[in-house]
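Encoded as structure tokens, the structure appears first; notes follow it.
The values are calculated or read from the model by the stated rules, or taken from the named source; none is laboratory data. The structure presented is a predicted model; accordingly, all values stated were derived computationally and were not measured. A quick note on method: Cβ atoms are made from the backbone with ideal geometry, for glycine too, and the neighbour counts reach across all protein chains shown. Ligands, DNA and RNA are stripped out before the accessible areas are found, and what is left, the full protein with its side chains, is counted by its heavy atoms. Shrake-Rupley method; radii C 1.70, N 1.55, O 1.52, S 1.80 Å.
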Amino acid sequence: MPRGKGRRKLRRDDETRELRDVSSQLETVNSAEIVKFSDIPLSKKSLDGLRESGYSEVTEIQREAIPLALQGRDVLGAAKTGSGKTLAFLIPVLERLWAGQWTPLDGVVALIISPTRELAYQIFEVLCKVGKNHDFSGGLVIGGKNLKEEQERIQKTNILVCTPGRLLQHMDQTAHFYCDNLQLLVLDEADRILDLGFSHAINAIIENLPKKRQTLLFSATQTRSVRDLARLSLRDPEYVSVHENARFSTPHQLKQKYIVCDLPEKLNVLFSFLKSHTKLKLLIFLSSCKQVKFVYETFRRLRPGLPIMALYGRQKQLKRMAIYEDFCRRSAAALFATDVAARGLDFPAVHWVVQVDCPENVDTYIHRVGRTARYEKDGQALLILMPSESEGMLKVLEEKRIPIEEIQINPKKVFSVTSKLAAFCAQDTEMKHWAQRTFVTYLKSVYLQSNKDIFNIEKLPTDEFALSLGLSAAPKIRFKKESTRHDVCKFDFCGDDDDEEDDEDTELLKLKPVSATELTETEDFFDDDEPPRDNVRKKTKGSAIKAVTRVQAAKKLKRKRVQLNTKIVFDEEGQVLMEMKCGGEEDSGGIDVAEAESGLRKADRDDVDRERERVKAKHKAQKKRKRRHDNSDNDEEKETSGSKKKLVSSDEGNLEQLALKLLSNT
Ligand code: ADP
Ligand code: MG
């Protein structure tokens, strides 16, 4: 066996020959004849990686999309959830880099963008597995880690798996980070990445990329928007939609059911469902972080008999990643999640997906239920619909070819948790606070939905809903409307928000930042014509929500001869949608004149003190956080329509090790 230089030369000669063979076979490959990965002209390194990872036969999307992508075509790949789209883009990425003989010195050659950190992490894991015999470098850039360390490594990384916000941060802040050699851009969950929530980041990223490149877009609900395709400068893209003519748009092994249930009954039904499925793995979707947190905190105290976890965007990254991995490992558990877990995640063997809150559209429905019944496995999905939602939702599900049937729940199996929740709220003010926030956030999310045939706030039994959360009455809500271009509504909840993870809650509903001048134009439908006290105004300056003291509110109501202890809900045009008696309980959230001025004045003073404490604590926490995380990323994840938030967090350990695995091959 030749040694040293001679041996390297022989290897190079072998590889050159292999390269020549592979590229000539590619010209004639016929996808109809492909059954196994070994039927596709691929490098030995990729074939070995696939075999060692346990992949042998191709799936339909892999059979159709991989040859086209290997020939350099732009591909729009659409295939049902769980049908193997990840390898359909990762294999071409590895092969194009191999064929181009790129080395770590060339910097970024392929970019793979994912909408969430967990999905990026998962893609990176698969890349490490199937690409382990190759010699190029790969990196995971999802924020949270020390920016400096990442900056040093990123310049020598050939394949970057990232979230949009963190990538943009590097484009802005990392000297010598260029994408001039970029050959391939991949957007996984492309329609999500191209929608409004990411538009700013994606437009800025695309501006920094060379126009001459190959682009691959994949999703189960693919975009066909000409505008999107123009934005990405696609060149004569090949639309590969392997299930377009399938009878149904969801996996055939997935059994889908729905029940009709009143809003105040939802938690009872959910708890009862958990109690009768304690040996299974359940993924449960709710509409907001607040809902998830409240249900998680209360249900774990109620002990339904299986491990309970929660995953939502605002958790610290380390915690979020630990929960993700823990749920992957378990065979029986219930994970409560927001739509941060709706797309792409390949949790092994989820038995049931339960949608407690109706998804905002059919695409979200498809992605949520797609977390089960993945790659030839069975799975079940349960959608809980309120009577007001059922007709509209069933209609759109049918239009999108989703087979779903109604089932009834055995009433004997339904336990009521209402009195327990009421006891929690009575004993624990923090719990009551969460219940109140849950109430408000849920109404917000319904109000903001665009499909009014399905989401109708007018039809919600709000008082009963509040009781079902353990509250003695519904918190009062005010709807405010921006008098500017957009119909952006803000909600004001007369309670305090001291949840450290939720600092940006008031941001949740703003599509764009509200400037100081816009604020002065804000039209409050209660027509708040008396200016707030100076000290309060000072504290809320620059914030989207004006503080209104209870005394002022009482005076205003008296002036306007508003019937007290009545809750009024307005629509976008300022029309009264509903008026409801709140009752006179101490906790009603309505205004009780009987308590009169002295009580109110005291409450105001308390509010001011509390506000002062809150702001102080918030500043302290901010400073601390700033010190700790010199760096933050600014990925956005939307949870309710029009919502927007920042993620600031940290992750180390596993991700770092994975990154090194590929890097150590260099
Ligand atoms: P999608 O992105 O279409 O939702 P994934 O790429 O996440 O699907 O794949 C779903 C599951 O199928 C994963 O667990 C993956 O390992 C498995 N899988 C993908 N391709 C194959 C294949 N060719 N053979 C066996 N399993 C596969
Ligand atoms: Mg996927």
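Of note:
- Residue check for Thr59: in contact with a His (Cβ under 8 Å, 6 or more places away or on another chain), β-branched (Val, Ile, Thr) and within 14 Å of ligand 2 (Cβ to nearest atom): no
- Residue check for His200: open to solvent by 10 Å² or more (accessible area, probe 1.4 Å) and away from ligand 1 (no atom under 15 Å from the Cβ): yes
- Sole exception among (1) buried (at least 16 other Cβ atoms within 10 Å of the Cβ); (2) away from ligand 1 (no atom under 16 Å from the Cβ); (3) at pLDDT 95 or above for Leu234, by number: (3)
- Sole residue being part of a strand (DSSP E or B) and basic (Lys, Arg), chosen from Lys257, Lys211: Lys257
- Scanning region 30-44 turns up one or more residues that are open to solvent by 20 Å² or more (accessible area, probe 1.4 Å), within 16 Å of ligand 1 (Cβ to nearest atom), small (Gly, Ala, Ser) and farther than 22 Å from Asn133 by Cα.
- Criterion: touching a residue at least 60 places away in the same chain (Cβ under 8 Å), farther than 15 Å from Phe218 by Cβ and not aromatic (Phe, Trp, Tyr) - qualifying residue of Val108, Val93: Val108
- Residue pairs whose Cβ atoms lie under 7 Å apart, separated by 6 or more positions or on different chains, with the first residue in region 322-348 and closer than 23 Å to Leu302 by Cα and the second of a type in the set (Asp, Glu), are Tyr324/Glu118; Thr338/Glu639.
- Of the residues examined, Ile142 is not one that is β-branched (Val, Ile, Thr), on the phi < 0 side of the Ramachandran plot and modelled with pLDDT of 95 or more.
- Test: residue in region 172-189 that is surrounded by 22 or more Cβ atoms within 10 Å (Cβ to Cβ), assigned to a helix (DSSP H, G or I) and at pLDDT below 95: no
- Wholly within region 310-404, helices (runs of 4 or more DSSP H) carrying at least 3 residues that are open to solvent by 20 Å² or more (accessible area, probe 1.4 Å): 317-329, 387-399
- Among the conditions (1) open to solvent by 30 Å² or more (accessible area, probe 1.4 Å); (2) more than 15 Å from ligand 2 (Cβ to nearest atom); (3) more than 22 Å from Trp102 (Cβ to Cβ), the only one that Val242 does not satisfy is (2).
- Asp378 fulfils the conditions (1) away from ligand 2 (no atom under 15 Å from the Cβ); (2) over 19 Å from Gln253 (Cβ atoms); (3) acidic (Asp, Glu) except for a single criterion, (2).
- Residue within region 263-275 that is of a type in the set (Asp, Glu), assigned to a loop (DSSP other than H, G, I, E, B) and either farther than 17 Å from Ala342 by Cβ or more than 16 Å from ligand 1 (Cβ to nearest atom) (or both) present: no
- Of the residues Leu229, Leu274, Leu286, the single one that is more than 16 Å from ligand 2 (Cβ to nearest atom), of a type in the set (A, V, I, L, M) and open to solvent by 10 Å² or more (accessible area, probe 1.4 Å) is Leu229.
- Members of region 245-257 that are of a type in the set (A, V, I, L, M, F, W, C) and surrounded by 20 or more Cβ atoms within 10 Å (Cβ to Cβ): Leu254
- When the residues of region 432-441 are filtered to those that are open to solvent by less than 10 Å² (accessible area, probe 1.4 Å) and either more than 25 Å from the chain's Cα centre (by Cα) or among the β-branched types (Val, Ile, Thr) (or both), the one that is farthest from Val292 (Cα to Cα) is Val440.
- Asp21 vs. criteria more than 16 Å from ligand 1 (Cβ to nearest atom), of a type outside the set (A, V, I, L, M, F, W, C) and open to solvent by 50 Å² or more (accessible area, probe 1.4 Å): yes
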